[in-house]
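Data first, discussion second: the structure below is written as structure tokens.
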Amino acid sequence: MGTYAVVTKAPPERVCEAVRAGRVGGFVAPDPLGTIVLFDPPPGSRSSSRRLARPAAELVRRTAVPAWMLLANESLAEAMMLTTGSGPQSLQWAADWQPSEDPAEYLSDRKAWDAYCAEIAAGYGEPDRGADLALIRNDPVPGRPQPLMADLLRQVCRVFDLPDVAVGRSLLVGDEPGLYEAERVDGSSYGLLGRLLARS
């Protein structure tokens, strides 16, 4: 079950307007906790997370509301925080993750992770959520299975009170959004060049 979704607190009407003004269309779905956007996949068979984040960054710029882009497959997960004030910041997890067995190195890594999560939460505008965000880890625990990649993304959504039903949704693997009341919104067929020519 793959995930390529964007979640934001911007209202659905504003999100629809922003998607319509952009170059990439998709589906927009309202949720009691925010708005979900499933963008169309970019052309080509391979896409980096930076490339997938471009329409999300445009969305944030147009709505002036921060958002999270959620990506996952069975072995990797990424939650990328996007704001208008700075570049994207990303948290990543791997299913086969093994922390250092050296206590000093492990402690150093944990302190760096905690500080980075605090920085991301502050950048999102919710500095008090940094400690909760830092708890989202998949360190092996004896006698317990490691969490699924999708579950880690759901935890990110819960920390920031965003719709976790976005997890497991993606147009990278199918044409149907699978979300209640999802509305198809097409981006500008002209793109930036067309809009510039239209003004002249």
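The values are calculated or read from the model by the stated rules, or taken from the named source; none is laboratory data. This one's a predicted model, so the numbers in the text were calculated from it and none came from an experiment. Cβ placement follows ideal geometry from the backbone for every residue including glycine, while neighbour counts extend to all protein chains displayed. Side chains are part of the model used for accessible areas, which takes the heavy atoms of the whole protein and leaves out ligands, DNA and RNA. Shrake-Rupley method; radii C 1.70, N 1.55, O 1.52, S 1.80 Å.
Please work out the Kirkwood hydrodynamic radius for segment 83-150, using every pair of different C-alpha atoms, and report it in angstroms with one decimal place.
Evaluated on segment 83-150, it is 13.4 Å.
Counting only protein heavy atoms, what percent of the accessible surface of segment 1-88 is carbon or sulfur at a 1.4 Å probe?
Of the solvent-accessible surface of segment 1-88, carbon and sulfur hold 53 percent.
Alpha carbon centre of segment 1-27 versus segment 139-182: separation in Å?
What the calculation gives is 17 Å, centre to centre.
Quick one: Karplus J couplings for segment 112-122, per residue in order, coefficients 6.51, -1.76, 1.60, θ = phi - 60°, nearest Hz, x for Gly and Pro?
Ordered by residue, 3J(HN,Hα) equals 5, 4, 4, 5, 5, 5, 5, 5, 5, 4, 5 Hz.
Averaged per residue, what accessible area in Å² does the chain show with a 1.4 Å probe, protein chains only?
Accessible area per residue: 54 Å².
Relative contact order, percent, of segment 35-108 when contacts are C-alpha pairs under 8 Å separated by at least 6 residues?
Reported relative contact order: 19 percent.
Using a Förster distance of 30 angstrom, determine the FRET efficiency expected from the C-beta separation of ASP132 and TRP97, and round it to 0.05.
On the way: r = 20 Å, r/R0 = 0.66.
Computed FRET efficiency for ASP132 and TRP97 comes out at 0.95.
Could you tell me the convex hull volume per residue, in Å³, taken over the Cα atoms of the chain?
Once divided by residue count, the hull of the chain is 132 Å³.
Whole-Hz ³J(HN,Hα) for each residue in segment 164-173, computed from phi via Karplus 6.51 cos²θ - 1.76 cosθ + 1.60 with θ = phi - 60°, x for glycine and proline: what do you get?
7, 5, 5, 5, x, 10, 6, 8, 6, 10
Divide by every residue of the chain the summed helix terms, -39500 (n - 2.57) for each DSSP H run of at least 4, and state the resulting mean residue ellipticity at 222 nm, rounded to the nearest 500 deg cm²/dmol.
-11000 deg cm²/dmol
Under a plain spin-label model, where a point goes 7 Å from the Cα along Cα-to-Cβ, how far apart in nm are LEU76 and LEU148?
Distance between the two pseudo-spin positions: 2.0 nm.
Just the C-alpha atoms of segment 62-103: what Rg/Rh do they give, with Rh taken as the Kirkwood radius?
Rounded to two decimals, Rg over Rh is 1.16.
How far, in degrees from 0 to 90, does helix 49-63 lean away from the longest principal axis of the Cα atoms of the chain, to the nearest 10?
Computed tilt is about 60 degrees.
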